[in-house]
Amino acid sequence: MESALATSNAGESKRFRVLLPLPLKPYDYRGGADIAPGDVVRVPLGRRHAIGVAWEIADPTAPDAAPAAKLKDIAAKLETPPLGRAHRRFIDWVAAYTLAPAGAVLRMTLSVPAALEPPALKVGYVAGGAPPARLTAARTKVVALSSDGVPRAKADLAAQAGVSEAVVQGLIVQGALVAVPLPADRGAVSAIDPTRPGPTLTAAQASAVAALTADVEAGRFHATLLEGVTGSGKTEVYFEAVAAALKRGRQCLVLVPEIALTAQWLDRFEARFGARPAEWHSELKASQRRRTWRAVAEGRATVVVGARSALFLPFADLGLIVVDEEQDGSYKQEDGIAYHARDMAVVRASLCDIPVVLVSATPSLETVANAEAGRYARLDLPARHGGATLPAVVSIDMRNERLPATRWISMPLAAALTETVAAGEQSMLFLNRRGYAPLTLCRTCGHRLACPNCSTWLVDHRLLSRLQCHHCGFTMPMPHACPSCQATESLAACGPGVERLADEVAALVPAARIAIVASDTVDSPSKVQALIEQIEQRAIDVIVGTQIVAKGHHFPLLTLVGVIDADLGLGGGDLRAAERTYQMLVQVAGRAGRAEHPGRVLVQTYDPTHPVIQALLAGDRAQFLKSEAVERERFHLPPFGRLAAVVVSSADERAAAASARALGQAAPRDIAGVRVLGPAPAPLALLRGRHRFRLLLMAERGIKVQPVLGAWLARHTPPARVRVQVDVDPYSFL
Ligand code: ADP
Ligand code: ZN
């Protein structure tokens with residue numbers, strides 16, 4: 001009997017490779033006829049259970065296949081929509097590209113474990129059955145409330161009746177309240193309406209829309225760069241592509257830099273489509289996260305707007321991906337799995353066979369190269385909508401200004417500020433440095449206050465009355481005496497941060513209402529929103545901010561932009577420094593004078609002949625890109641060559657150094673077109689208490705770096721206390 005049953009089961013059951021959202025290799029399990037690849041399943045793992053995905057049918061004859069007798073059964077199939085084949089291939093692709101375990105990538109998709117189970121049926125209570133034994137005042141309130149027959153959860157009953165939950169519980173125990181199921185928390189079907197009319201498009205906008213709509217209707221992979229200055233109508237254009245995909249009943253994903261995801265964007269979407277899209281970002285509450293994940297998987301959320309992690313959501317039927325501000329550095333994730341969401345968006349689109357649109361006023365060199373090579377189509381929106389003019393950009397040569405060491409605002413900029421405030425218009429000063437001062441120094445002994453965990457200076461944050469490390473988060477109060485020579489009243493702030501600059505503005509224009517805007521003061525979409533409202537309501541005259549103010553908001557009354565230190569960032573050893581500075585400056589400049597008020601931009605620089613500054617003044621982006629491309633090509637740097645960084649770190653400096661040396665010795669030497677630099681101590685040689693060494697693999701564009709890296713790293717197994725992190729296409733070189 002037993003054995004007959006076992007045989008007949010074996011006939012129906014199959015061997016599945018099950019991928020768990022853990023950095024492990026997949027294991028084989030036996031699954032019944034009800035299991036298919038893509039199903040979300042619960043499996044035994046050691047003495048516990050784990051949730052994973054039946055990845056594919058496994059080959060029992062594979063060399064590493066577990067013997068059939070040792071196979072365990074899949075315990076259950078969850079009521080979650082299966083992960084489609086394209087999504088599974090996408091996860092495998094990202095894993096192979098980033099050299100991460102596929103399970104760790106799957107974890108970015110199964111990021112909301114609570115969403116994997118259908119929402120629990122909740123119970124509500126209505127009056128009925130036995131009348132309460134003893135009618136206290138509190139009980140009377142509950143009975144009166146619940147006699148309307150509307151079922152309410154226990155907590156809601158108590159809250160609405162103004163009594164404690166114990167009172168309600170007492171009535172339940174007595175049978176004076178009876179349980180009934182509450183309607184399931186499914187969320188409404190999206191009310192986003194793609195048939196509502198958009199604005200009347202200009203000829204250039206209309207032809208861009210026609211091209212994108214044709215791609216959406218063809219339902220094929222096609223990558224397009226949508227380029228145009230700030231205000232040229234790129235958002236309106238991609239909204240039309242979204243409408244086209246929705247009309248075909250397919251889902252859309254719009255990726256935006258997290259900080260740009262504001263109510264302003266959402267309001268605009270709502271004005272166009274009659275309802276808000278689903279949002280996906282770090283500020284969501286657990287319940288929103290669960291509901292949205294589920295709605296995306298079930299196809300009820302038709303449009304998702306989100307930060308980079310939204311790319312891994314389990315769309316039921318994705319039909320279009322838009323990457324807004326595609327040049328934005330925040331698309332690159334450096335911790336954990338090092339991936340670039342813009343690049344992986346193109347991969348996802350290709351595996352799903354759908355169009356992808358990369359949108360930017362200042363596209364990255366990578367994307368421009370792809371467009372020039374014909375891999376991406378290119379759509380250009382030439383002018384600002386409504387003929388609004390770009391602001392005039394003027395440089396201020398700081399070498400002639402002779403400012404005292406504690407002031408950073410030049411005479412011409414100070415005059416412009418005063419004028420603008422007096423005219424009732426708004427100004428923005430841009431300085432990419434948080435806090436009050438980037439360095440604190442002892443005037444007696446020269447000691448500099450440094451982070452104990454990192455090779456960096458501590459930043460003085462006066463608003464918080466603390467010194468802070470911007471890398472590890474270490475903080476301490478400002479000491480009264482120099483920690484080195486004990487001199488008192490000797491510590492001096494060196495250099496400006498936005499807080500100090502705000503003090504200078506207050507001294508220059510006492511009447512000005514000033515807002516300091518930096519990632520530590522405005523650190524969530526809701527705070528960005530509050531700030532935008534203040535600016536729109538004219539409650540602020542001068543914004544003093546870091547790069548986060550550069551992200552695309554429309555401030556019609558903003559007519560002056562001052563760039564305090566345009567040279568900052570041009571000096572470092574980072575290959576994208578000039579490009580990023582250029583993009584940031586163009587974006588900041590794009591804030592000025594967007595409506596009927598013309599704007600002006602004053603750029604303070606000690607190096608007015610630098611090509612980046614020259615290109616900015618001339619508004620000559622083509623020239624900038626050309627000179628930048630020539631430089632990169634000469635040194636075989638991306639996009640003309642490939643890079644992969646290997647960072648070896650440990651709390652134990654010797655162990656890190658030994659592993660770094662061993663990896664250096666094991667580096668590939670005989671592959672044409674590949675070289676390895678290092679190991680060298682990282683610029684941030686100490687980070688969060690870990691000592692760090694870097695190696696850099698440089699390869700010609702035609703070479704696949706992953707097999708080279710894989711073979712190389714396999715030649716050295718570091719001890720457990722040493723971590724080896726790989727970053728293919730690195731953006732940070734610290
Ligand atoms: P971008 O995304 O390139 O910065 P937007 O799409 O945000 O440009 O357009 C800038 C402003 O101009 C927005 O307020 C937008 O609604 C408006 N606009 C753009 N195109 C049109 C159009 N064809 N008709 C009416 N308003 C438009
Ligand atoms: Zn630190």
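Read-outs throughout are calculated quantities, based only on the coordinates presented, and are distinct from any laboratory measurement. Everything numeric in this text was worked out from a predicted model, so none of it was measured. Positions of Cβ are generated from backbone atoms using ideal geometry, with glycine treated the same way; all protein chains shown enter the neighbour counts.
What whole-number distance in Å separates the alpha-carbon centres of region 623-637 and region 433-452?
What the calculation gives is 37 Å, centre to centre.
Using the Karplus equation 6.51 cos²θ - 1.76 cosθ + 1.60 (θ = phi - 60°), what ³J(HN,Hα) coupling, rounded to whole Hz, does each residue of region 709-716 give in order, writing x for Gly and Pro?
Taking θ as phi minus 60°, the curve returns 4, x, 5, 5, 5, 5, 7, 9 Hz for region 709-716.
Which one, M698, P510, A104, is farthest towards the positive end of the dipole of the chain when Lys and Arg carry +1 and Asp and Glu -1 on their Cβ?
A104
Ranking R276, R348 by Cβ neighbours within 10 Å, fewest first, what do you get? Numbers along the way, then the final one.
Working: R276 16, R348 26.
So the residues, fewest neighbours to most, are R276, R348.
Suppose the chain between I172 and A539 were pulled fully straight at 0.36 nm per residue; how much longer would it get relative to their current alpha carbon spacing?
Extending this stretch completely gives an extra 126.8 nm.
Rounded to the nearest 0.05, what FRET efficiency do R47 and E283 give with R0 = 30 Å and r taken as the Cβ-Cβ distance? Could you check?
After rounding to 0.05, the efficiency reads 0.20.
Sort region 203-386 into rounded, prolate or oblate with this rule: let a ≥ b ≥ c be the square roots of the eigenvalues of the Cα gyration tensor; rounded if a/c is under 1.5, and if a/c is not under 1.5, prolate when a/b is larger than b/c, oblate otherwise.
Because its axes are fairly even, with a/c under 1.5, region 203-386 counts as rounded.
Take D380 and N400, extend 7 Å from each Cα along the Cα→Cβ direction, and tell me the distance between the two endpoints in nm.
Computed distance between label sites D380 and N400 equals 3.4 nm.
Kindly write out, for region 338-355 in residue order, the coupling ³J(HN,Hα) from the Karplus curve 6.51 cos²θ - 1.76 cosθ + 1.60 (θ = phi - 60°), rounded to whole Hz, with x marking Gly and Pro.
Running phi through 6.51 cos²θ - 1.76 cosθ + 1.60 with θ = phi - 60° gives 7, 10, 10, 5, 5, 5, 6, 5, 5, 5, 4, 4, 5, 6, 8, 6, 9, x Hz.
How about K14: which aspartates and glutamates have a C-alpha closer than 15 Å to its C-alpha, ignoring those fewer than 8 places off in the same chain?
Counting by Cα, and skipping residues close in sequence, K14 has these aspartates and glutamates nearby: D28, D34, D39, E56, D59, D73.
Using +1 on the beta carbon of Lys and Arg, -1 on that of Asp and Glu, and nothing else charged, what's the dipole of region 641-728 about the Cα centre, debye to 20? List each step's numbers first, then the result.
Working: 14 positive and 5 negative charges, 20 e Å.
For region 641-728, the charge dipole is close to 100 debye.
So for W265, W93, W280, fewest C-beta neighbours within 10 Å to most, what's the order?
Neighbour counts put them in this order, fewest first: W93, W265, W280.
Less than 13 Å Cβ to Cβ from D39, Lys/Arg counted +1 and Asp/Glu -1: what total charge do the surrounding residues give?
Details: positive: K14, R17, R42, K77, R85, R88; negative: D34, E56, E79.
Every neighbour counted, the sum reads +3.
Compute the FRET efficiency between D193 and D523 as 1/(1 + (r/R0)^6), taking r as their Cβ-Cβ distance and R0 = 60 Å, and round to the nearest 0.05.
Rounded to the nearest 0.05, the efficiency is 0.95.
Which of the listed residues, T440, L560, L684, is farthest toward the dipole's positive end in the chain, when Lys, Arg count +1 and Asp, Glu count -1 at the beta-carbon?
The Cα lying farthest towards the positive end belongs to L684.
Considering only the other residues whose Cβ falls under 14 Å of the Cβ of D397, what net charge follows from Lys and Arg at +1 and Asp and Glu at -1?
Net charge around D397: -2.
Using the Cα centre of the chain as the reference point, and only Cβ charges (+1 on K/R, -1 on D/E), how large is the resulting charge dipole? Debye, rounded to the nearest 20. Spell out each step's value before the answer.
Values: 81 positive and 70 negative charges, 383 e Å.
Its charge dipole is roughly 1840 debye.
Mind giving me the nanometre distance, one decimal, between the label points for D317 and S207, set 7 Å out from Cα along Cα→Cβ?
Taking the simple label geometry, D317 and S207 are separated by 3.4 nm.
Quick check: the distance between the Cα centres of region 16-43 and region 485-504, to the nearest angstrom?
Taking the Cα centre of each part, region 16-43 and region 485-504 sit 59 Å apart.
Which entries of K154/K285; K77/K332; K234/K626; K25/K70 show an alpha-carbon separation above 27 angstrom in the structure shown? Don't jump to the answer; show the numbers that get you there.
Values: K154/K285 22 Å; K77/K332 35 Å; K234/K626 24 Å; K25/K70 17 Å.
Going by Cα-Cα distance, K77/K332 fall outside the 27 Å limit.
Quick one: Karplus J couplings for region 191-196, per residue in order, coefficients 6.51, -1.76, 1.60, θ = phi - 60°, nearest Hz, x for Gly and Pro?
Once rounded to whole Hz, the list reads 9, 5, 10, x, 8, 5.
Measure nothing but the geometry: give the 0 to 90° angle between the long axis through the Cα atoms of 2-12 and the longest principal axis through the Cα atoms of the chain, rounded to 10°.
Helix 2-12 sits roughly 50 degrees off the main axis of the chain.
Taking the Cβ of P355 as the centre, find all other residues whose Cβ is under 10 Å away and add up their charges (Lys, Arg: +1; Asp, Glu: -1).
Here the charged neighbours net out to -2.
Could you check the simple spin-label distance between L464 and A714, using points 7 Å along Cα→Cβ, in nm with one decimal?
My value for the distance between the label points is 4.5 nm.
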